[in-house]
Amino acid sequence: MIECRCIHAMALAQSSASDVCIEPIRFQPLGPDVFGKTQPQCLLAAIDEAVEPLVGLTNQHVVSIQSFSASTLLQLFRLAAKYESNPDRYIRHNTPLTGKILINAFYEPSTRTRLSFDSAWHRLGGDSINITDRSTTGIAKGESLEDVAHMFNNYGDCVVLRDSNPEAVVAMSSTLRIPIINAGNGIDEHPTQAMADLYTILKWRPSLAAPNVAESDRIRIGIIGIPSRMRTVRSLLRILAKFPRMVNEVVVIHAPGIEEEDTLFDPGQQEELLEAGLSLRCSTDLRSELPELDVVYINAIAWVGDSYEVHGGGFRLTRDLPFKPEAIVLHPLARGPELSTCLDDTTHNWYFSQARGAVFLRMALLTCMVDRADRVMDVV
Ligand code: CP
């Protein structure tokens with residue numbers, strides 16, 4: 001009996017000890033509405049579905065944003081908005097990439113692009129192979145990119161490549177019989193980032209997707225960056241030039257001392273944009289431009305070779321600057337000191353929504369490129 005009481009007391013002591021714990025760190029599962037379904041649903045309603053532009057994406061590579069028409073881009077944004085409006089429908093109940101394999105080859109650092117492509121593919125039911133170091137492939141033994149691409153034909157259904165060599169994506173595309181997507185080729189282009197950027201702008205203001213936008217409703221975009229050195233900025237300018245009906249003016253904002261014609265733009269770059277109908281101006285005075293800007297895009301990093309350059313060290317966006325009340329801030333990220341965290345909990349913060357939306361945008365692009373658009377379109 002005595003022994004029995006002892007055991008009972010010990011059990012009680014153990015039970016009360018195990019009930020003592022420090023307060024857990026909790027989180028809010030729902031973010032602000034820029035992460036929600038309202039804006040993608042509005043964009044979805046603003047664009048009529050069309051089959052042809054998306055079906056036409058089968059059997060083509062994505063090297064430059066230049067190979068995309070405005071109508072194809074709008075349909076991609078519509079499909080991305082459809083995914084983002086109702087992700088469960090496709091992620092749990094309709095997995096159009098089942099049985100398909102993605103080869104995700106990233107030879108430069110990446111948080112967002114590599115993981116969002118991988119996430120997009122997996123969310124649609126596919127499997128993936130990831131390579132993050134070219135020296136683990138035959139390239140280290142002198143194998144040509146063309147021959148590596150020949151092999152990739154046997155292993156997967158789509159390739160995503162980030163390589164600091166601008167020519168690598170072109171070399172591989174010459175022998176690939178599966179599509180390749182340029183996920184950043186040196187300082188040249190980052191086409192899917194530009195798609196994600198414009199997708200964000202259209203979610204913020206779906207009325208811009210209309211065929212005719214009144215002049216008073218067009219937006220003014222400030223881009224703090226160097227068009228000749230930053231692939232994100234180069235591709236963004238090119239995609240904006242396809243939609244002059246949305247844009248009142250683009251202002252490239254840069255540090256004093258950079259000559260517009262010599263170093264800010266590559267030879268012919270500015271002319272190409274002007275010929276496409278983009279209204280383009282340069283400025284060095286961020287503070288005086290801000291009160292008129294609807295969208296403020298900032299980037300400071302250019303990846304060159306094996307390291308990176310930082311530009312525009314004098315610019316820093318903080319919440320006390322004279323933003324328009326409804327203005328949004330975009331940044332391709334990774335963030336540096338140019339984008340203060342004090343903006344994170346303001347309504348100007350659309351950069352996190354931009355990164356989130358890139359997953360849905362990439363889901364839309366990948367679906368079409370591997371010929372599975374018919375599984376997710378209503379009008380087929
Ligand atoms: N936006 C972007 O390209 O980010 P990562 O370098 O992390 O992929």
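The values are calculated or read from the model by the stated rules, or taken from the named source; none is laboratory data. What you see is a predicted model; the values in this text were computed from it and never measured. As a convention, Cβ positions derive from the backbone with ideal geometry for all residues, glycine included, and neighbour counts pool all protein chains shown. What goes into the accessible areas is simple: the full protein's heavy atoms, side chains included, and nothing from ligands, DNA or RNA. Shrake-Rupley method; radii C 1.70, N 1.55, O 1.52, S 1.80 Å.
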Base-10 log of normalised Debye intensity for the chain (one unit scatterer per alpha-carbon) at q = 0.11 Å⁻¹: -0.78
For the pair Ser288 and Ser207, how long in nm is the line joining their label points, each one 7 Å along Cα→Cβ? 3.0
Would you mind telling me which residue in Arg26, Arg319, Arg356 has the biggest mean-square fluctuation in a Gaussian network model of the chain, where springs connect alpha carbons within a distance under 10 angstrom? Arg26
Scoring only Lys, Arg, Asp and Glu (+1, +1, -1, -1) among other residues with Cβ under 14 Å from the Cβ of Ser116 yields +3
Net charge near Pro179 (other residues with Cβ under 10 Å of its Cβ; Lys, Arg +1; Asp, Glu -1) is -1
Counting only residues 5 or more places away or on other chains, whose amide H sits under 5 Å from the amide H of Val160 once H atoms are built in the peptide plane? Ile103, Asn104, Ala105, Ile181
Between the range 38-68 and the range 324-374, how far is it from one alpha carbon centroid to the other, in angstrom? 17
Give, in nm to one decimal, the length gained when the segment between Phe35 and Asn94 is fully stretched (0.36 nm per residue of separation minus the Cα-Cα distance). 19.0 nm
Applying 1/(1 + (r/R0)^6) with R0 = 51 Å to the Cβ-Cβ distance of Thr58 and Asp345, what FRET efficiency is obtained, to the nearest 0.05? 0.75
Give me the number: length gained by fully extending Asp378 to Ser279, i.e. 0.36 nm times residue separation minus the C-alpha to C-alpha distance, one decimal in nm. 32.0 nm
Out of the trypsin sites (Lys or Arg not before Pro) in the range 121-208, which ones are loop residues according to DSSP with at most 16 other C-beta atoms within 10 Å? Arg177
Principal axis lengths of the range 27-74 from Cα atoms, whole Å, largest first? 43, 25, 16
With 0.36 nm assigned to each residue of separation and the Cα-Cα distance removed, Ala255 to Gln269 gains 3.1 nm
If you add up the charges near Ala209, with Lys and Arg at +1 and Asp and Glu at -1, over every other residue whose beta carbon is less than 11 angstrom from its beta carbon, what do you get? +3
For labels at Ser144 and Thr318 in the simple 7 Å Cα→Cβ model, what's the distance in nm? 5.6
Using modelled backbone amide H atoms (1.01 Å from N, in-plane), which distant-in-sequence or interchain residues come within less than 5 Å of Gly186's amide H? Asp163, Ser164, Asn165
Considering only DSSP beta bridges whose two residues both sit in the range 238-380, what percent are antiparallel, to the nearest 5? 30
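Could you work out [θ]222 nm for the chain from helices alone, using -39500 (n - 2.57) per DSSP H run of at least four and dividing by all its residues? Round to the nearest 500 deg cm²/dmol.
Computed ellipticity for the chain at 222 nm equals -10500 deg cm²/dmol.
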Can you compute the equivalent ellipsoid semi-axes for the range 311-380, i.e. the square root of 5 times each eigenvalue of the Cα gyration tensor, sorted largest first and rounded to whole Å? 35, 14, 8
Could you work out how far apart the two model spin labels at Glu326 and Glu215 are, taking each label as a point 7 Å from the Cα in the direction of the beta carbon, and quote it in nm? 2.0
FRET efficiency, 1/(1 + (r/R0)^6) with R0 35 Å, evaluated for Asp127 and Arg26 via beta carbons: 0.55
The chain, accessible area per residue, ligands and nucleic acids excluded (1.4 Å, Å²): 45
